[in-house]
Amino acid sequence: MSEPTGAARRRGPFQVGDQVQLTDPKGRHYTFTLQAGNQFHTHKGAFPHDELIGAPEGTVVRTTGNVPYLALRPLLPDYVLSMPRGAAVIYPKDAGQILAMADIFAGARVVEAGVGSGALSTYLLRAVGEQGMLASYERRQDFADIAQGNVERYFGGPHPAWKLTVGDLQDNLVETDVDRVILDMLAPWECLDVAAKALVPGGLICCYVATTTQMSRTVEALREHGSFTEPQAWETMVRTWHLEGLAVRPDHRMIGHTGFLLTARRLADGVEPPLRRRRPAKGAYGEDYDNGAPEPTLQERAAARKAARESGTEQPDLG
C-alpha cells in the first residue's frame, strides 16, 4: 500500500528537497530547503547543506563560528507561518478549530472559498486525504499562484484531492453533494445560496470573519436564509507560558484575536428550522418589545433587523 501524498517527506533521514527548520541557542527559527552543494549562511558563520543530507532529524550542526543549530523538519504550524504570503494566513489556532469544530473527516468533500496563501488548504488536504476532495476558489490569480506553490512545496508536488479554481464562488461553483463549505472572505453572506445548494442535508458551513459587524451580518443572513440551523459563533485565544526553573508564569504576550468562526448545519429541503425563543436585550434589534407581547422568534427578529437595515432605521446593538 502506497503512502499518502507527502508522508515520505515527514520521516526518515533528511533528503534533498526537504524543508529544514534550524533553531539557534536563543530559540530563533530559520527555514530553508536542502540542496546538494549549497551552504546555509548566518551572521554566526555557515555550514554546508551536505552535512545534513542523509542525517537523522534532531541532528545538531555547527557553523564555522562554532554556533550549534538544532535541525528538524518544520511542523505544519511552523511551515504556514514561515511560507511566502500573498494574503494573510489563517493562524494555526484557528485552522485547528476549523478541522475539529467543522468535523473535517478523511474522505470528506469540502469546498473552500478564499484561498489566500494556501495555509488552510494545506490543513484541509491533510485531513480529507487522497480519497476526499477539496475544491478551492480564489478570486485573485496572484494569490492562487502563491497558494499553489506553498501547497505543492509542502506535499512535494500536486495533491490528487485538490482542485484550485480562479474565480468567484458564486459564478463558478460546480460541486454538488458537498459535506463542508468553508468561507474565508469579506462578505460570506453573499455566498449562502450557492453553499446551500451544494451542501448535503446535515452538511456544515463554516465562516471565518475578522470583525463583529461581519459576524453579526453573517449570523442574521444565516437565520434569514431558512436552510440552516441556528448558527454558533466563537473565537479562540492562545497564551503560552514562561518555564524557567521555579519561574513558571504566563507569558506577557499572547496570540489574541485573529478572527471569529461561525458554523451552521444544512437542513433537509423543505424543512423549516425549529422555532427558538430567546429574550433579547432592549434595543438589540432596533426596537423594544412590550413585556406583555409574545416573545419574538429568532426568525421574526432577523426579519425585523433586515427591514430596519433596508429602511435605514437600524440602531446599534447595545445589548
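Points to keep in mind about this one:
Listed here are the residues, each with its yes/no results for (1) in a loop (DSSP other than H, G, I, E, B); (2) at pLDDT below 90; (3) out of contact with any strand residue (DSSP E or B) (no Cβ under 6 Å at 6 or more places or on another chain).
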residue: His242; (1), (2), (3): no, no, no
residue: Val248; (1), (2), (3): no, no, yes
residue: His252; (1), (2), (3): yes, no, yes
residue: His257; (1), (2), (3): yes, no, yes
residue: Ala264; (1), (2), (3): no, no, no
residue: Asp269; (1), (2), (3): yes, no, yes
residue: Pro274; (1), (2), (3): yes, yes, yes
residue: Arg279; (1), (2), (3): yes, yes, yes
residue: Ala284; (1), (2), (3): yes, yes, yes
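- Test for Tyr123: is it open to solvent by 40 Å² or more (accessible area, probe 1.4 Å), aromatic (Phe, Trp, Tyr) and within 14 Å of the chain's Cα centre (by Cα): no
- The residue that is surrounded by the fewest Cβ atoms within 10 Å (Cβ to Cβ), among those in region 15-74 that are in a loop (DSSP other than H, G, I, E, B) and of a type in the set (Asp, Glu), is Asp24.
- Of Ser121, Ser136, all but one fail to be touching a Gly at 6+ places or on another chain (Cβ under 9 Å) and under 25 Å from Leu204 (Cβ atoms); the exception is Ser136.
Results for (1) touching a helix residue (DSSP H, G or I) at 6+ places or on another chain (Cβ under 7 Å); (2) in the same structural domain as Gly96 (by the TED database); (3) farther than 24 Å from Glu272 by Cβ; (4) open to solvent by 60 Å² or more (accessible area, probe 1.4 Å), shown as yes or no for each residue.
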{"residue": "Thr213", "(1), (2), (3), (4)": "no, yes, yes, yes"}
{"residue": "Glu220", "(1), (2), (3), (4)": "yes, yes, no, no"}
{"residue": "Ser227", "(1), (2), (3), (4)": "yes, yes, no, no"}
{"residue": "Pro231", "(1), (2), (3), (4)": "yes, yes, no, no"}
{"residue": "Trp234", "(1), (2), (3), (4)": "no, yes, yes, no"}
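- Selection count, region 176-233, where residues are part of a helix (DSSP H, G or I) and among the β-branched types (Val, Ile, Thr): 5
- Scanning region 95-112 for residues that are surrounded by 21 or more Cβ atoms within 10 Å (Cβ to Cβ) and under 12 Å from the mean Cα position of the chain (by Cα) yields Ala95, Ile98, Ala102, Ile104, Glu112.
- Qualifying residue in region 240-251 (condition: closer than 29 Å to Ala88 by Cα, open to solvent by 70 Å² or more (accessible area, probe 1.4 Å) and not aromatic (Phe, Trp, Tyr)): yes
- Test result for Ala46, among the aliphatic types (A, V, I, L, M) and closer than 28 Å to Gln148 by Cα: no
- First in region 238-257 and in contact (Cβ under 8 Å) with a residue 12 or more places away in the chain, second anywhere and among the aromatic types (Phe, Trp, Tyr), Cβ under 8 Å, 6 or more apart: Asp251/Trp241; Ile255/Tyr91
- Verdict on Val80 being outside any loop (DSSP other than H, G, I, E, B) and without any contact (Cβ under 8 Å) to a residue 12 or more places away in the chain: no
The values are calculated or read from the model by the stated rules, or taken from the named source; none is laboratory data. Treat the numbers as computed from the prediction; the structure is a model and nothing was measured. Quick reminder, even Gly has a Cβ in these numbers, built from the backbone with ideal geometry, and neighbours come from all protein chains shown. When the accessible area is computed, the model is the full protein with side chains, heavy atoms only, and any ligands, DNA or RNA have been set aside. Shrake-Rupley method; radii C 1.70, N 1.55, O 1.52, S 1.80 Å.
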